[in-house]
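*Asks:* Quick one: the structure is below, and I'll ask about it shortly.
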Amino acid sequence: MKPKKKGMTLVAKQKAAGWAFLIPASAMIAIMSFFPMVKAFILSLQTGKGAAVHFAGFTNYARMFQDKVFLRSVGNTFFYLIIQVPIMLVLAILLAQLLNNRDLKLRGFFRTCVFLPCATSLVSYALIFRFLFAQDGFVNNALIGLGILDHGYNFLGNAMSAKIVIIIALVWRWTGYNMVFYLAGLQNIEYSVYEAAKIDGANGWKTFWSITVPLLKPTIIMTFIMSINGTLQLFDESVNLTNGGPANATITMSHHVYNTVFLRTPNFGYGCAMSFFIFVLVAILAFINMKVGDTRD
Amino acid sequence: MKKKVISLMLVGAMVASMAACGSNGGSDNAAKGNTSATEEGGASEGGNTLTVWTWDPAFNISAIEEAGRMYKEDMGHSDFNLKVVETLSEDCEKKLISAAQSGDLSTLPDIVLMQDNSYQKFVSIYPEAFTDLTDSGIDFSQFAAGKLSYSTVDGKNYGVPFDNGAVIGAYRTDILEEAGYTVADLTDIDWNQFIEIGKTVKEKTGKYILSGQADSPDMIMEMLQSAGASLFDEDGKPAMTDNAALKECIEIYKTMVEEGIYYEVNSWDEYITSITGGSTCGVINGNWISATIMGMKDTEGKWGITNMPKLVKTPNATNYSNNGGSSWYITENCKNKDLAIDFLKSTFAGSTEFYDNVLKQTGAIATYAPAAASEAYAQEVPFYNNQQIYKTIVDYSVKTPTNNTSPYYYDGRNAIGTQIQNIIQGADVDSAIADAQAEVEFTMSE
């Protein structure tokens, strides 16, 4: 019979060390993130004014689909998603390709310029865009000066133009951010691949589509998921730029949740239900994205 | 070795900057809300100190600090201390929601200023957050009835009314003259006559006669209240469809925009600019807008104040209405309620001298009836061409009709504000109102 060893075996020690490193962080995530998520879900099953909530099953979720403003906000958010994200990503990848050119002078300067918008505070830039597009703002004055218009156009007072202003603001802000990711991805492509393509007679455009984009696929998938996540949760622009837009034309889902809880008569259960809806949407879209883009297997 | 030292230094610098950032960020946030206070926090302390949350240094804060000074020095409470924590109105409301929702009222101050429009919402959801003042000895009969209704629930008084939100019409006399009118032509008229005058003014001078935010229902609500009408019925249920008064107000508003005499802007700062930049020669709003008007120093002596036009078809139409205004409330977290009640009773609810001083400093006009009889209120104001505006405004507030309020008042206002924009863009008035009603009913359904 083998004598039992005193203390732990080496393997057990390593396992214990592993758990010791994991537990503090996991515990913190569990308490700070997962526990509130669970409580929020429970709250979403309740309804009532302020603190006087009572259990109501899934009525909040059913109610969401009759809430005209909420449905409007879902439509608006998807509008931003479908229009803004492709424009932004295409622009980002083109800029990254341009600024990856080794022979370009002042590359660092241009890269900084394109990335600088990301360093601005969300609230500040939204306010500034609002001033720019005001009826007597800079853009209107410039257009009048150039003779294109004879009196200021109410950008933020018309539904479609307000949405376009938000899209312009988003593209301005986030293109640099995604460009940096693409630049990093481009650095990983060896120059020899491009040399080989040049020898084979491929022009710039063909090189771009046949070599660069496929090699950048993981990065593209990642930025796409991040953009979907960010756009679906859009809040600051909706609040500060247009305040929900002319008659809820630009309101986003998060903004509506905020209004429901803090602006109107607070119904926290309903707000939680809508938040969970956003969460499920993001999860589904990210999942689809990964499945479609994952060509590894 | 060198690399190790450098990397250690960098890590140290990072940690230090994060710590500094953290505490700086914290105190920065507090400092933003505390420009006139000494410490952060702002919760009730008890003892001889009263903590107050309010906003607007030129107006409310100046007034309550004057009250504190008078209470301490002139009324002999030398150990009294007043701590004012500057908190914007929306922030007051959000903090109240957060505190009351969590059940932990300990972060609340002793006294908080709240806008009259929103108070009913708060007291219906969180009645436990406010103190009933009905039997506290404060004499509520001296306040205008229309104003008191905002802070009264089920016959119980919760708030001490403060500033007067009576609606005034302020007009540039020189521009009116150019078009051939005087301020008297705009007094005691109805909206049809007003629209005619507006059209002539626009034709002859190119100026709008009114302006306002496109998504703000202020103008419509002012018109409604001028006839004692409301978006809600006596039971607090939304009564927007089949509401002839509302329909008339919307139609008048639509006509003004279409005729080009009402300038619609998109945000609050644009609204202020439309006044100070001179795009409009007239303003109809709560009299607190006078502070903005009086900021236009180079137009001194060229403004006149009168009442607003009255509705044509609606019965009980008057030329008087209310927009805004707030009242002081004592929270349940107040540790020294007797002190707070005595403080409010001696100043806001008892001292005409207080209101005189406040009038000089801030232009804040009382809803306290005895105050209106004092000399300061009878003074002629040079800016308004030596009109006795203060007396006039208090007089308007007394004549303002009351109307039905509701905890969902804000929701109703919001819904109408949204639908107005649709109506201006061409939507059918009846279906837009029906949508607004449906929205409010949806919010009210639990």
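Nothing in this text is a laboratory measurement; each read-out follows from the coordinates by a stated rule. Everything numeric in this text was worked out from a predicted model, so none of it was measured. Cβ: placed from backbone, ideal geometry, glycine included. Neighbour counts: every protein chain shown.
*Asks:* List every residue whose amide H lies under 5 Å from the amide H of B:Ser326, counting only residues 5 or more places away in sequence or on a different chain, with H placed 1.01 Å from N in the peptide plane.
*Replies:* B:Asp116, B:Phe162, B:Asp163
*Asks:* How high is the FRET efficiency from A:Phe79 to A:Val123, r the C-beta distance, R0 35 Å, rounded to 0.05?
*Replies:* Between A:Phe79 and A:Val123 the formula returns 0.95.
*Asks:* How far is helix B:244-258 tilted, in degrees, relative to the longest principal axis of the Cα atoms in chain B, given as a value from 0 to 90 rounded to the nearest 10?
*Replies:* Helix B:244-258 and the main axis of chain B meet at about 80 degrees.
*Asks:* Quick check for me: using +1 on Lys/Arg Cβ and -1 on Asp/Glu Cβ, what's the dipole size of segment B:81-147 about its Cα centre, in debye to the nearest 20?
*Replies:* Roughly 120 debye for segment B:81-147.
*Asks:* Okay, moving on. For the cross-link pairs B:Lys121/B:Lys337; B:Lys254/B:Lys399; B:Lys204/B:Lys313; A:Lys49/B:Lys391; A:Lys68/B:Lys147; A:Lys15/B:Lys3, which exceed 31 Å when the distance is taken from alpha carbon to alpha carbon?
*Replies:* A:Lys49/B:Lys391; A:Lys68/B:Lys147; A:Lys15/B:Lys3
*Asks:* Measure off 7 Å from each Cα along the Cα-to-Cβ vector at A:Leu146 and B:Gln388, then give the distance between these two points in nanometres to one decimal.
*Replies:* Taking the simple label geometry, A:Leu146 and B:Gln388 are separated by 5.9 nm.
*Asks:* Expressed as a fraction of 2.2 N^0.38 Å, the rule-of-thumb size for a compact globular protein of N residues, what is the C-alpha radius of gyration of segment B:301-368?
*Replies:* 1.63
*Asks:* Also, I was wondering about something else. Taking H placed 1.01 Å from N in the peptide plane, check which residues at least 5 places from B:Asn307 or on another chain put their amide H under 5 Å from its amide H.
*Replies:* Excluding prolines and chain starts, which carry no amide H, the hits are B:Gly169, B:Asp188.
*Asks:* A further question follows. Can you find, among A:Ala52, A:Ala202, A:Ala27, the residue sitting farthest towards the positive end of the charge dipole of the protein assembly as shown, where Lys and Arg contribute +1 and Asp and Glu -1 at Cβ?
*Replies:* A:Ala202
*Asks:* Given the rule -39500 (n - 2.57) for each run of at least 4 DSSP H residues, summed and divided by the residues of chain B, what is its mean residue ellipticity at 222 nm, to the nearest 500 deg cm²/dmol?
*Replies:* Theoretical 222 nm ellipticity from helices: -13500 deg cm²/dmol.
*Asks:* Work out the mean other chain Cβ neighbour count within 10 Å for the residues of A:245-257 and drop it here as an integer.
*Replies:* For peptide A:245-257, the averaged partner shielding equals 3.
*Asks:* With charges only on Cβ, +1 for K and R and -1 for D and E, what is the dipole size of segment A:67-293 about its Cα centre, in debye, rounded to 20?
*Replies:* Here the size comes out at about 200 debye.
*Asks:* May I have the pair-distance distribution P(r) for segment B:193-288, computed from all Cα-Cα distances with 5 Å bins from 0 and rounded to whole percent?
*Replies:* 2, 13, 21, 23, 17, 12, 7, 3, 1, 0
*Asks:* Round to the nearest 10 and give me the degree value, 0 to 90, for the angle of helix B:409-424's Cα axis relative to the longest principal axis of chain B.
*Replies:* Once rounded, one gets 50 degrees.
*Asks:* Then there's this: Can you give the three extents of the C-alpha atoms in segment B:290-434 along their principal axes, from longest to shortest, in whole Å?
*Replies:* Rounded to whole Å, the extents work out to 53, 48, 31 Å.
*Asks:* In nm, to one decimal, how far is the A:Ile23 label point from the B:Thr200 one, both placed 7 Å along Cα→Cβ?
*Replies:* Those two pseudo-labels are separated by 8.8 nm.
*Asks:* Mark the label point 7 Å from the Cα of B:Gln425 along Cα→Cβ and return the residues of segment A:248-283 whose backbone N is within less than 13 Å of it.
*Replies:* A:248-251
*Asks:* Something else now. Provide the three semi-axes, in whole Å and in decreasing order, of the ellipsoid equivalent to chain B as defined by the square roots of 5 times the Cα gyration tensor eigenvalues.
*Replies:* Semi-axes (√(5λ), whole Å): 39, 28, 25.
*Asks:* Another question, if that's okay. Any idea what log10 I(q)/I(0) is at q = 0.19, 0.24, 0.29 Å⁻¹ for segment A:119-184, Debye with uniform C-alpha scatterers and no solvent?
*Replies:* These q points yield log10 I(q)/I(0) values of -0.78, -1.01, -1.21.
*Asks:* A further question follows. Output ³J(HN,Hα) for segment A:244-256: one whole-Hz value per residue in order, computed from phi by the Karplus curve 6.51 cos²θ - 1.76 cosθ + 1.60 with θ = phi - 60°, and x for Gly and Pro.
*Replies:* Values per residue, Gly and Pro as x: x, x, x, 6, 6, 7, 10, 5, 9, 4, 4, 5, 5 Hz.
*Asks:* Given N residues in segment A:67-293, what is its alpha carbon radius of gyration divided by 2.2 N^0.38 Å?
*Replies:* After normalising by residue count via 2.2 N^0.38 Å, the value is 1.18.
*Asks:* Taking H as built 1.01 Å from N, whose amide H comes closer than 5 Å to the amide H of A:Gln46, not counting residues under 5 places away?
*Replies:* A:Ala56
*Asks:* Next question. Along the charge dipole of segment B:165-312, Cβ charges K/R +1 and D/E -1, which of B:Thr299, B:Ser267, B:Phe194 sits furthest on the positive end?
*Replies:* In segment B:165-312, that residue is B:Thr299.
*Asks:* Per q in 0.13, 0.18, 0.22 1/Å, what log10 I(q)/I(0) does a Debye calculation on the alpha-carbon atoms of segment B:202-255 return?
*Replies:* With one equal scatterer per Cα and no solvent, log10 I(q)/I(0) is -0.40, -0.66, -0.88.
*Asks:* As an exercise, use a Förster radius of 22 Å and the Cβ-Cβ distance of B:Glu332 and B:Lys237 to find the FRET efficiency, rounded to the nearest 0.05.
*Replies:* With a Förster radius of 22 Å, E is 0.15.
*Asks:* Now a separate question. Show which aspartates and glutamates lie in cross-link reach of A:Lys198 when reach means a straight Cα distance below 20 angstrom and same-chain residues fewer than eight apart are skipped.
*Replies:* In chain and number order, the partners are A:Asp103, A:Glu190.
*Asks:* I need the helices of chain A that pass two filters: whole DSSP H segments spanning 20 Å or more by Cα along the axis, and mean Kyte-Doolittle score no lower than -1.0.
*Replies:* Flagged H segments are A:10-29, A:68-99, A:159-187, A:217-232, A:268-293.
*Asks:* Given points 7 Å out from each Cα along the Cα-Cβ axis, report the B:Ser106 to B:Thr402 separation in nanometres with one decimal.
*Replies:* It is 3.9 nm.
*Asks:* Debye sum, Cα scatterers, the protein assembly as shown, no solvent: what log₁₀ I/I(0) at q = 0.09 1/Å?
*Replies:* Log10 I(q)/I(0), no solvent term: -0.97.
*Asks:* Give, to the nearest whole percent, the P(r) tail of segment A:2-68 beyond 20 angstrom, counting all Cα pairs.
*Replies:* Looking at segment A:2-68, the distances longer than 20 Å represent 59 percent of pairs.
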